[in-house]
Ligand SMILES: Cc1cc2nc3c(=O)[nH]c(=O)nc-3n(C[C@H](O)[C@H](O)[C@H](O)COP(=O)(O)O)c2cc1C
């Protein structure tokens, strides 16, 4: 069986995920990127991973800054996900176009207002894997808020339904 990228994407689209914004401070400017290739890795130490395409700007920023935030989106933050996945975006338009507002944590990382949870991440290691890099990071702090998550399933945004 010879598998192509379209079939692979279709299969992976069956794996429902949350949606995050990976945020980096670039000397006072917030750079954000929508990412759902995000997972928990280890409890001791506390590690997470995010897979980032080599062709993105975020890829270079994570290597350079070695510190980033992961903002887990609420179900009313779809415009923010759309904004930060648009390669044409201008970061200074984030609040006007998508309602995205950030504050700086004590580590100097941008934290998105209104998200369901925030993880303060310090780069632990980076592993090249095909056309992506797996960035593994130690989680130094978290903020958890009330609300429901924004979900992504089969290429569409969703809300949590009934419990099963
Ligand atoms: C729901 C969703 C999830 C995404 N997840 C990822 C991801 O996990 N890794 C990645 O490299 N790109 C992902 N992308 C694509 C990036 O958000 C997109 O390429 C972005 O424009 C890159 O920005 P940058 O070049 O400024 O870093 C995702 C896009 C969407 C809509």
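Computed quantities for the displayed model
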| item | result |
| --- | --- |
| Meets criteria (more than 20 Å from residue 131 (Cβ to Cβ) and surrounded by 22 or more Cβ atoms within 10 Å (Cβ to Cβ)) for residue 70 | yes |
| Pair list, Cβ < 7 Å and 6+ apart or interchain, from region 18-29 residues that are farther than 24 Å from residue 153 by Cβ to residues that are at pLDDT below 95 | 29/91 |
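The values are calculated or read from the model by the stated rules, or taken from the named source; none is laboratory data. Keep in mind that this is a model prediction, so the values were computed, not measured. Note that we place each Cβ from the backbone using ideal geometry, even for glycine, and neighbour counts take in every protein chain shown.
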